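The values are calculated or read from the model by the stated rules, or taken from the named source; none is laboratory data. The structure displayed is predicted, hence computed values, not measured ones. Because the Cβ atoms are built from the backbone with ideal geometry, glycine has one as well, and the counts that use them run over all protein chains shown. Keep in mind that these areas ignore ligands, DNA and RNA; they rest on the heavy atoms of the full protein, side chains included. Shrake-Rupley method; radii C 1.70, N 1.55, O 1.52, S 1.80 Å.
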There are 2 protein chains.
Amino acid sequence: MRRISNDSEAVRSALLAAEDRFVQAWGQMAGAWGVSRTMAEAHALLYIVGEPRNTDEVMERLRISRGNASMTLRALVDWGLISRVHKRGDRKEYFAAERDVWAMLGALLRERKKRELNPLLVALHEIRDETGAIPGEPAEQHRARLDAMLGFIGAIDRIADRMIAMSAGELREATHALTALADGLDAHAKGGAS
Amino acid sequence: MRRISNDSEAVRSALLAAEDRFVQAWGQMAGAWGVSRTMAEAHALLYIVGEPRNTDEVMERLRISRGNASMTLRALVDWGLISRVHKRGDRKEYFAAERDVWAMLGALLRERKKRELNPLLVALHEIRDETGAIPGEPAEQHRARLDAMLGFIGAIDRIADRMIAMSAGELREATHALTALADGLDAHAKGGAS
DNA sequence: ACAAACTTTCAGAAGATTCTGAAAGCCTCA
DNA sequence: TGAGGCTTTCAGAATCTTCTGAAAGTTTGT
């Protein structure tokens, strides 16, 4: 029947359009995840299509060069956000996105902590050490500010550690618990005494 | 006494060097905070020196142009990370960094949620709505993936809301509680039964 | 060993972001 | 009203990031 065939085509193109919109929306979050726009888009594409895709399909869909696709996909594999999939009977390499969004968060946290948080903590400790012996009131206050910042970054670092150590399920659980906890503290603050 | 004068100078320059190192370290985190390098550096400078500084002092210390300093400081004020300070008897404008690191985190979260999370949620909901009527198994699965992502981003959004609503003190408290909670879940997972 | 099929690399090009500096704008005080 | 002191603006310059495409590299099958 012609009508069904037409419908199928319409359905297909509607889905493709939705995928494109998702890819675009996700691409705008690239900065927030700390990856390039194209990395975010390629990840979004693989996530939303749900099935493994090869380099050519990604190139075509995202309108990017082969070189760019290659480097982008490799970077995503390095980040642990997608994985290589081999299909028997096909020499091409396929890539599939992690399907669990919480596992995805874990991978993101792990990489960013490694790249950003750890080096910062090292630098702050170095500064603190080399500043420790300077005498005088201004130096004291400088150290106080440095220590406040160290405490802050340290706290964030510990949270990141804990979250990274969790499985996807635990992470989801902890997140929901955190929402509840925050509600509790909020009620506490608004409600009554110490 | 000459010796004391010498010492004072040495102390002064050691402190300046430490400040510079701090500024540099903080500048490298710019990407993580979602601000430009110069914004991060200017903020770091104002934070670590502890006292209000005027545009000329920031320009000189950071070796940037007047125009850049002006725009950077204004942006920091917009983000709520620093505030304008007027000194009586001085026509220059001074800027002082928020002193409480937790309040700083709150300001950061508020801005980034507004700029990044909210638009993403709107876009995802739109896609979901426009995709709702598409029939067929592939569309079903597409919606399932979209919903998983919506649930995830929604959870993050709720946490951000709660954190933004908290005062600096509550935020610190909640963070420490979270570390404890994570420890608890961790022990739970490793330890025993459901 | 060779060829076909596919992937990776990287120098230079393109594009995006950030910065400069000079001119315009805005107060304040005389 | 106007001169001085300070701040803001913004077009073009400089810089940094990302992308392209062709050549080199790799793997698989015969």
### Query
In what sequence, largest accessible area first, do A:Glu173, B:Glu111 appear using a 1.4 Å probe?
A:Glu173, B:Glu111
### Task
Compute the normalised compactness of region A:51-95: alpha-carbon radius of gyration over 2.2 N^0.38 Å, N being the residue count.
1.09
### Query
Which distance in Å, rounded to a whole number, links the C-alpha centroids of region B:114-152 and region B:12-61?
41
### Query
So how tilted is helix B:37-49 from the main axis of chain B? Cα-based, degrees 0 to 90, rounded to 10.
50
### Query
How long, wide and thick is region A:2-97, going by the Cα atoms along their three principal axes, in whole angstroms, largest first?
46, 36, 21
### Task
Per residue of region B:124-129, in order, report the coupling 6.51 cos²θ - 1.76 cosθ + 1.60 (Karplus, θ = phi - 60°) as ³J(HN,Hα) in whole Hz, putting x for Gly and Pro.
4, 5, 4, 4, 4, 4
## Note on the structure
Over the protein assembly as shown, the sum of -39500 (n - 2.57) across DSSP H runs of at least four, divided by residue number and rounded to 500 deg cm²/dmol, gives at 222 nm -24500 deg cm²/dmol
### Cα Rg, Dmax, region B:101-191, angstrom units
17.7, 51
### Query
Which residue, chosen from B:Gln28, B:Val101, B:Asn68, occupies the Cα position most advanced towards the positive end of the dipole of chain B, where the dipole is computed from +1 (Lys, Arg) and -1 (Asp, Glu) charges on Cβ about the Cα centre?
B:Asn68
### Message
As a test question: what accessible area, to the nearest 10 Å², does A:Met39 have when a 1.4 Å probe is rolled over all protein chains in place?
### Response
20
### Summary
Given Cβ charges of +1 for Lys and Arg and -1 for Asp and Glu, the option among A:Leu121, A:Ile134, A:Ala174 whose Cα lies farthest towards the positive end of the dipole of region A:101-191 is A:Ala174
### Query
With springs only between Cα atoms under 10 Å, which of A:Pro52, A:Pro119, A:Pro135 fluctuates most in a Gaussian network model of chain A?
A:Pro135
### Message
What do you get for the angle between helix B:101-112 and the principal long axis of chain B? Use alpha-carbon atoms, 0 to 90 degrees, nearest ten.
### Response
50
### Task
Could you please tell me the mean projected area of the C-alpha convex hull for chain A, averaged over all directions and given in square nanometres to one decimal?
19.2
### Task
Starting from the Cα of A:Lys92, draw a straight line to each of the aspartates and glutamates and keep only those under 12 Å, dropping any in the same chain fewer than 8 residues away.
A:Asp56, A:Glu57
#### Entry: Dmax and Rg, reported as Rg then Dmax, of the protein assembly as shown (C-alpha, Å)
24.9, 103
### Task
Please list, or write none, the aspartates and glutamates whose alpha carbon is within less than 14 Å of the alpha carbon of A:Lys114, excluding same-chain residues fewer than 8 places away.
A:Asp78, A:Asp157, A:Asp161
